[in-house]
Structures are given as C-alpha cells and as structure tokens.
Amino acid sequence: MTQLPTLVVTGALGAGKTSLITQVIARGLPDTAILVNEFAGLAIDQDIFELNGVPAVALSGGCICCSVRGDVRKALQALLFAQARGTSTPIQRVVIETSGMADPLALIEEFLADSVLLNRFRLAGVLTVVDATMPPQHFERNRPIGNQVAVADRIVLSKVDLPEADTTAVTEAIRRINGTAPLSKCQEILASNSKLFDPVGLQQNAMRSVRPHDHGPSDVRGLCIEDAPGSSADSLLAFIAELVEICGAALIRLKGIAQLESTSSALIVHVVRGRLYPAQQLKTSALIDRPRLIAIVASTHADAAVRCAKANGLALTG
C-alpha cells in the first residue's frame, strides 16, 4: 500500500510559510493536499491558498498541537475516504501548515502514534521557515520559535533580500539551536522542491558536517551519527532502545535510518519525548550506505547519551 509523504511546515507568525508552500506547489507539484492550521477562527491562509488555485482544508479555532490535534487525524482520514470514493482530485503528497504558535513535536507525536495513519501516510519531516529579518535574540526569548528550529529536519530562510535582513546573525542563532538540519534560502529550496518530500535522512546532503552547539545547561544539544561502519539496522535499533531507557523524556527528538540487510528497503525510526515509535519500512531505489542518526537531547543527558553510543561501538558527536 502506497504511503503519501507528509511534510509538516512550521515557523513563526509572518515567516512566509503560506507563500513558500504556494510557490512549491506552483512549481510542478499540483497533486498536493494542504491542511492549514490557523490559531484564530478566521481561515485567511485557506483563502490565500485557494486564491492561488491551491485547494486547502482549514483547521481553525485553536493550535494544531493542542485543541485541534484530533482534527488533523479526521482531515487526513477524510482525504483517504475522498480518494477511495473518487470524489476528489488524486493526490501524491500532503503538506500540513501549522500556526505560528505551534509546537511541532506534539503533532509528530500524534502522527506517529496512529497506526492507521501510518499505513497510508509517511512523515517526510519538519520544515521550519525562519524570517531573516527576525532579531536573533528572539530565538532564545520566544520558546515556540526556538522549539520550531530545534526539531526541524530542514530550515528555510525567508525575506533574505530585504534591507533589514541579517542573514549571518540569524544563521548563527539557528546553528546555536540546531546544527544538523540543512539550511537553505527560499529560492534554493524552490529549485529542488520535490526533494522536500524525500524520506527524512535519505537526501545525499542531509547530514552535513556542521556541528551543533551546546547553548546553556538547561537547554538542548544536537547529536549525530554520520558514519557507523559495520553497523546494521538491528544494532542501530538496539542502541536507540537503550538510549530511550537511559534518557527517557530528555531524549526530545530522534530520527534514525538504516538499510535493511539484503533488501531494497530502509528502516526509519522516530523517538519523540522519550517514546520509541514502531519502525517504518520504506522501499527506496537508493541504498543507504551507512546508518545515520540525529538526536536532540536535553543537555543534562547529553554526556550519558554519548557514553551509551560509545558502549555500543558508535560515535555520537556534537
């Protein structure tokens, strides 16, 4: 059964999420379903999408990570029913745009916990849009913005052409929080928009050698395994299970991927707030040359995570 890749797009209010999604779809991806969450009761973003010829379903009247979480499940199920009945245009992928106040971790939890949804939808990752004109101190002072950057699989800088944009300062602020996610400008991401829906970790350059930074004892650290020669999917799973036991909820977010031996399938593993979700098996034409992993861990448990990796013959760095 084909799984529809589902991309979560998040970012602060006014960062340019709706504009980016509209441009991505306009450049050759019309068979995309849009779910858009508006914190207020007025579905303005839905109107903007539809004015641009992009059908969208509004999830209004609350934040996607709390009061309307169940609506996401219902909307995705409704998409499936409409597809099965032939009453809607065939779709190949889904985009969920969160409100600027949302915590994407809560949505990921909701998504991964639903076995019915996982049979038909595959999490393609979290894309966070960051306004290049935003004062860098906002990343530390505004918890939702910091969280959106911390859990991002991909980060896109918007408004870089405005005179007040300080791309260097904003990039430095981003890298203090998330040192592993590929970072692009809007025009760069539009040039390869179809890759946004690739499985997390399968892109050739998804694991850049940019090292994350520890930015305070009460904050988080990004850790990664970029090269694990001789390791198998089974050994990676065993390590992740042990890491979950050691760190618990301090393991805020983890994504791991490994090739299943003697098959054309990859294994994708997710952990959110210490909960290990069932691994997803995905057929892929490109072999994964080595297991890879990214973990976002509370700084208080980072050293324990590194020791756990070393005990399993892995180098967890960051």
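The values are calculated or read from the model by the stated rules, or taken from the named source; none is laboratory data. Just so it is clear, the structure is predicted and the values come from calculations on it, not from any experiment. Every residue, glycine among them, receives a Cβ derived from its backbone with ideal geometry; neighbour counts consider all protein chains shown.
Identify, from the list 261, 242, the residue that is at pLDDT 80 or above, acidic (Asp, Glu) and either not in a loop (DSSP other than H, G, I, E, B) or not assigned by TED's automatic domain parsing to the domain that holds residue 124 (or both). Explain how you work it out, then say what you get.
Numbers: 261 fails: at pLDDT 80 or above.
Among 261, 242, only 242 is at pLDDT 80 or above, acidic (Asp, Glu) and either not in a loop (DSSP other than H, G, I, E, B) or not assigned by TED's automatic domain parsing to the domain that holds residue 124 (or both).
Quick check on the range 285-316: of everything there that is surrounded by 15 or more Cβ atoms within 10 Å (Cβ to Cβ) and among the β-branched types (Val, Ile, Thr), which residue is modelled with the lowest pLDDT?
First, the residues of the range 285-316 that are surrounded by 15 or more Cβ atoms within 10 Å (Cβ to Cβ): 288, 290-299, 301-302, 305-306, 308-309, 312, 314, 316.
When the remaining residues are screened for being among the β-branched types (Val, Ile, Thr), the result is 288, 294, 296-297, 306.
Numbers: 288: 60, 294: 78, 296: 81, 297: 86, 306: 90.
Ranking the candidates gives 288 first.
Of all strands (runs of 3 or more DSSP E) completely enclosed by the range 1-103, which ones contain at least 2 residues that are buried (at least 22 other Cβ atoms within 10 Å of the Cβ) and either under 18 Å from the mean Cα position of the chain (by Cα) or modelled with pLDDT of 80 or more (or both)? Break it down stepwise before answering.
Numbers: elements: 4-11, 32-38, 56-60, 93-97.
Ranges flagged: 4-11, 32-38, 93-97.
Go through the range 110-203 and tell me which strands (runs of 3 or more DSSP E), entirely inside it, have 3 or more residues that are among the charged types (D, E, K, R) and either touching a helix residue (DSSP H, G or I) at 6+ places or on another chain (Cβ under 9 Å) or not assigned by TED's automatic domain parsing to the domain that holds residue 34 (or both). Before you say what the answer is, go through the steps one by one.
Details: elements: 121-131, 154-158, 183-185.
Ranges flagged: none.
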